[in-house]
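Presented below is the structure to which this report refers.
Just so you know, all these numbers are worked out from the coordinates, no wet-lab data involved. Predicted model only: the values in this text are computed from it and were never measured. A quick note on method: Cβ atoms are made from the backbone with ideal geometry, for glycine too, and the neighbour counts reach across all protein chains shown.
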């Protein structure tokens, strides 16, 4: 009996020494301290989702810049050197000086010279180009709002992944506490068995509980590694980089007694801007029926070296009217396409409006229910802690049994996990409520949270 107990005890001691060595290697490595604010800054700089939105915004800005042709002149300069010959300038009869005068033929080719010009073209009436400018401006506004909405979503995503690591760390600590408690229960059962106070069944039950808690600890550590990898990937860091998170999980704020006045969410405003751009697209397509009027000014220089040494210049000012009466149904097709895009944008706007209303109702419902669950978990944890303490004392005094002791310890383990998970979910529910109502999700953080870190 003593030999069996000694072997079992030695096996657990060796295991704990190995776990301690592993934890020392992990935590003893050069860890990168990371606050929640640091994580937000990294995400705003490195997140590929925001980089994509920023690139799309830049593309829309470039399109708007191109649309400035509706108002600005176009200035072109060209210079052409030429050398040409033709039968039209060969054997040309010309009078020759002398008495009596006579007619001779001369070859006036090849002709060699330079033609240079400076031309300015200023649109006077170009209605479809004006509408293109309006459409491009609304497109820029849509991309700007989309980028802002992406930034707000990214803040919520960073909070979710950052504090998921904190929750996993808490789960690991809770699992470690469960391992220590079950090991103490095993030692207590083994000592009582050696004294003949309990049956061998208590030792076996305690051993099974200890092994089960060890397995849960390994699983909790695996979940923690996955959470860290997920956070590092989002922030653009190396997945293997050791991160030491220094911000604690904030206490969730109680739900608002009354709904806040909903502000227009950035995603809804972006959809509105896209709809307005589609309306401008219809106006642009219809404007192709309006004639265009342009002012043309041109200055030209001619320098001919062969066969005559001739230099001259000239200028031209003109008003050009362009009016296409029939273009093979191209305008009608463009108008039909623009109307179809407008209809699709209107449907998307209505769909977004319904989605916003649904998410707002779900957000306050989730916040209230999860807040209530978190408050209940606080009392449940207090009761489970008290029950575990009583069960241990009763077993030590010989008044309890191993079944009750292990059951209360297992319940305490579950209540600890539930408590921190409900706190995490309630905190995210408050952030999601602010986001769904058109506010920065960081407004859900406690007022003194940033000062504390």
Say each of residue 238 and residue 105 gets a label point 7 Å from the Cα, pointing the same way as Cα to Cβ; how far apart are those two points in nm? 8.9 nm
Find the relative contact order for region 298-445 and round it to a whole percent, using C-alpha pairs within less than 8 Å whose residues are 6+ positions apart. 20 percent
In degrees from 0 to 90, rounded to the nearest 10, what is the angle of the helix 266-286 Cα long axis to the longest principal axis of the chain? 20 degrees
Fewest Cβ neighbours within 10 Å first, please rank 321, 405 accordingly. 321, 405
Express the relative contact order of region 83-145 as a whole percentage, based on alpha carbon pairs under 8 Å and six or more residues apart in sequence. 27 percent
Neighbour-count order for 230, 87, fewest beta carbons within 10 angstrom listed first: 87, 230
Kindly put 439, 71, 326, 36 in sequence by how many other C-beta atoms sit within 10 Å of each C-beta, fewest to most. 326, 71, 439, 36
Using only DSSP helix segments of four residues or longer, with each worth -39500 (n - 2.57), what per-residue ellipticity at 222 nm results for the chain after dividing by its residue count and rounding to 500? -23000 deg cm²/dmol
Let a ≥ b ≥ c be the square roots of the eigenvalues of the Cα gyration tensor of region 318-453; is it rounded (a/c under 1.5), or, if not, prolate (a/b larger than b/c) or oblate? prolate
Taking the alpha-carbon centroid of each part, what is the distance from region 363-410 to region 135-209 in angstrom? 17 Å
For the chain: relative contact order, % (alpha-carbon pairs under 8 angstrom, 6 or more apart): 22 percent
I need the per residue convex hull volume for the chain, using only the alpha carbons, in cubic angstrom as a whole number. 269 Å³
Between the modelled labels at residue 372 and residue 359 (7 Å from Cα along Cα→Cβ) the distance in nm is 2.5 nm
With a Förster radius of 56 Å, plug the Cβ-Cβ distance of residue 248 and residue 122 into 1/(1 + (r/R0)^6) and report the FRET value to the nearest 0.05. 0.30
Could you compute Rg(Cα) / (2.2 N^0.38 Å) for region 59-173, with N its residue count? 2.65
At 4 °C and a viscosity of 1.567 mPa s, what translational diffusion coefficient does Stokes-Einstein give for region 310-392, taking Rh as the Kirkwood radius over Cα pairs? Give it in µm²/s as a whole number. 61 µm²/s
